[in-house]
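Have a look at the structure below, then the notes.
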Amino acid sequence: MTTDDLLTVSQFSVSYDVNPPVEAVRDVSITVRRGEILGLAGESGCGKTTLAYGIQRLLKPPAVITSGSAVFHDESGEDIDINTMDDVQLRAFRWEKASMVFQGAMNALNPIITIGAQLQDVFSTHRPAMSRREHRLEAGRLLDIVGVGSGRLRSYPHELSGGMRQRVMIAMALALKPQLMIMDEPTTALDVLVQREILDQISDLRKEFGFSVIFITHDLPLLLEISDRIAVMREGRIVEIDTARNLYENPRHDYTRRLLASFPSLTGERGGFVRRPSESALDAESGVTVQ
Amino acid sequence: MTTLEFRDVTKKYRVRGSGELIALDKVNFTLTSGRTIALVGQSGSGKSTIAKILTQLERVSSGQVLLDGTPIPTWGRPLRRYRQTVRMVFQDPFASLNPYHTIRHHIERPLRLDRVVPADQVEEEVFRLLNRVRLSPEQTIDRRPHELSGGQRQRVAIARALASRPALLIADEPVSMLDVSIRLEVLNLLAELQREANLGVLYITHDLATARHFSDEIMVLHHGKVVEHGPSDDVILHPTHPYTLALRDASPDPEKHFAASTTIPGATT
């Protein structure tokens, strides 16, 4: 275990204590390296969000961490065991060391408070020594970084588009320069053009600040493009973890193969489609109007 | 053979304060039996407005929508007959089925309302429709939507849309809310049913990859204007409009990505 590792999760299990109990995360061991984007892929109900919440100790009953540990290797050299922190320590840890962009983040902003005030809130809680003026400057600077612009500090969430709200959430997660950002489906609700802009921005920011990202989504083609390594989850277990390229070129697990085959290629062959071009696409030119 | 034609269709919405919003600007296209047109574009481009006009939930501001050469009816019994010809499958299979009713009810209703088959054959027809969408009639007919998975629900929605034996089907993001591993299955089923019944399909989506493989033609909509329209492979592989190019380049394409880069992506250290 060197300083290259940022987070070591070992034999982590989470159950939902209902009747009968649901084992949502089973015996997951995974390491997040410093500065890497780790993709977590899987379908709904596979436990990817539960795992992310578990790492942040955000789970609420009936969810219980039944076994395992998550150790955060701080820049200072100190090892922080996430499971043993008390409320005060947790409060200091979250957002400061590891932040999170939640699923449907664009609806996570308070509709009746300006985004500037919501950003400043982070600083007044975690940086009480700074003056209010500095808080405001810092909040403006963050909005500039994510491309929303400090001019929008006084805007309310409903005055911004979905993509802009998503950027505000990313700005907020960046505020305290955390070493780890967990992003849970951060671009799923956005259209491809906005999604691409935000992804590019995440990579640029990562280069600039050097944080690690755990990126959770079911969109495997997207993960393949942005991640350094990808873990594929199914029924609470990680079935395969490898570099993006290896996973794409030599998937070893059947499920990974099936998942890859679920996405027809944009520019390549047709894949698993019954519909062939021979049927009707070639002959009929009728009805094609080019403007 | 059924032909549906959009001729210079313009739709304007009145917006309080700023005047007018042009949702569709002189849109022209023709959908015929047996063919699939994919309608792509980012949010706000006018895709749903086209679907709404097709189902007559909205009226056109100018231009014409013609079914086999005659303007589509806007009210009364003729409108009901028209809606029998053009059916819709919605995006959200959780919201488009009524939680209080059984699957039998959902499929029986159009059969009875449109008098597709004599009353004593309705049950048989429900079985036939469920079989066609590969649901086991015995196991699903008396269930309610919450007892089915998302994919099964979408199959029920498809069976319901097919009940009135339409000539044209409008599928508005029919698989985007389903789990990735069953999306292709449902699209393949749609393609197969289309071939069997010689349906014309308008496939509304933002997913260029499935649009390309599933459709004969792709129509790209941008700010209410059709900026590009042609055979699917041409539009994706050789786009001529900068907007189509931007859409294509923004879509994840691992194949191209790995072919282009010789190093592992994002390895900055």
Please work out the Cα convex hull volume for chain A and give it in Å³ per residue.
-> 185 Å³
For chain A, share of DSSP beta bridges that run antiparallel, in % to the nearest 5 | 55 percent
Where does segment A:202-250 land on the Kirkwood hydrodynamic radius, alpha-carbon pairs, in angstrom?
-> 11.7 Å
Potential lengthening between B:Leu21 and B:Arg165 on full extension [0.36 nm per residue; Cα-Cα distance subtracted] = 48.2 nm
How do B:103-116, B:221-234 rank on mean C-beta neighbours within 10 Å, highest first?
-> B:221-234, B:103-116
Apply the Karplus parameterisation 6.51 cos²θ - 1.76 cosθ + 1.60, with θ equal to phi minus 60°, to every residue of segment B:187-203 and state each ³J(HN,Hα) to the nearest whole Hz, in sequence, with x for glycine and proline.
-> 5, 4, 4, 4, 4, 5, 4, 4, 5, 4, 9, 6, 7, x, 10, 9, 9
Looking only at B:Leu162, B:Leu187, B:Leu208, which one moves most when chain B is put into a Gaussian network model with springs between Cα atoms under 10 Å?
-> B:Leu187
How big is the Cα convex hull of chain B in projection, averaged over all directions, in nm²?
-> 18.4 nm²
Helical contribution to [θ] at 222 nm, DSSP H n ≥ 4, -39,500 (n - 2.57), averaged over chain A, rounded to 500 | -9500 deg cm²/dmol
Simple spin-label estimate for A:Gln201 and B:Arg77 in nanometres, 7 Å along Cα-Cβ | 5.7 nm
Protection proxy ranking of B:20-32, A:181-193, B:132-144 - average other beta-carbon atoms within 10 Å, highest first = A:181-193, B:20-32, B:132-144
Residue by residue through segment A:70-85, the couplings from Karplus 6.51 cos²θ - 1.76 cosθ + 1.60 with θ = phi - 60°, in Hz, x for Gly and Pro, are 10, 10, 9, 8, 5, 3, 5, x, 7, 9, 10, 8, 5, 5, 9, 6
Förster radius 41 Å - calculated FRET efficiency between A:Asp17 and A:His126, Cβ distance, rounded to 0.05 | 0.80
If you roll a 1.4 Å probe over segment A:30-102 with all protein chains in place, what percent of the accessible area is carbon or sulfur?
-> 51 percent
How many times 2.2 N^0.38 Å is the alpha carbon radius of gyration of segment A:1-131?
-> 1.17
Could you give the nm distance between label points at B:Gln121 and A:Glu235, where each point is 7 Å from its Cα heading toward the beta carbon?
-> 4.5 nm
Tell me, what ³J(HN,Hα) does each residue in segment B:220-234 have, in order and in whole Hz, if you take phi through Karplus 6.51 cos²θ - 1.76 cosθ + 1.60 with θ = phi - 60° and put x for Gly and Pro?
-> 9, 10, 9, 6, x, 10, 7, 8, 7, 8, x, x, 3, 4, 4
Let me know the whole percent of all Cα-Cα pairs from the protein assembly as shown that are separated by more than 45 Å.
-> 22 percent
Residues meeting the amide H criterion for A:Met233 (H placed from the backbone, H to H distance under 5 Å, 5 or more places apart or on another chain) are A:Ala41, A:Gly42, A:Val239
Taking a probe of 1.4 Å and counting only protein heavy atoms, give the total accessible area buried between chains B and A in Å², rounded to the nearest 100.
-> 4900 Å²
Mean Cα-pair separation over length for chain B, i.e. relative contact order, pairs under 8 Å, 6 or more apart, % | 25 percent
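The values are calculated or read from the model by the stated rules, or taken from the named source; none is laboratory data. Since this is a predicted model, take the numbers as computed values, not measurements. Cβ sites come from the backbone with ideal geometry, for glycine too, and all protein chains shown count toward neighbours. Surface areas here come from the heavy atoms of the whole protein model, side chains and all, with no ligands, DNA or RNA. Shrake-Rupley method; radii C 1.70, N 1.55, O 1.52, S 1.80 Å.
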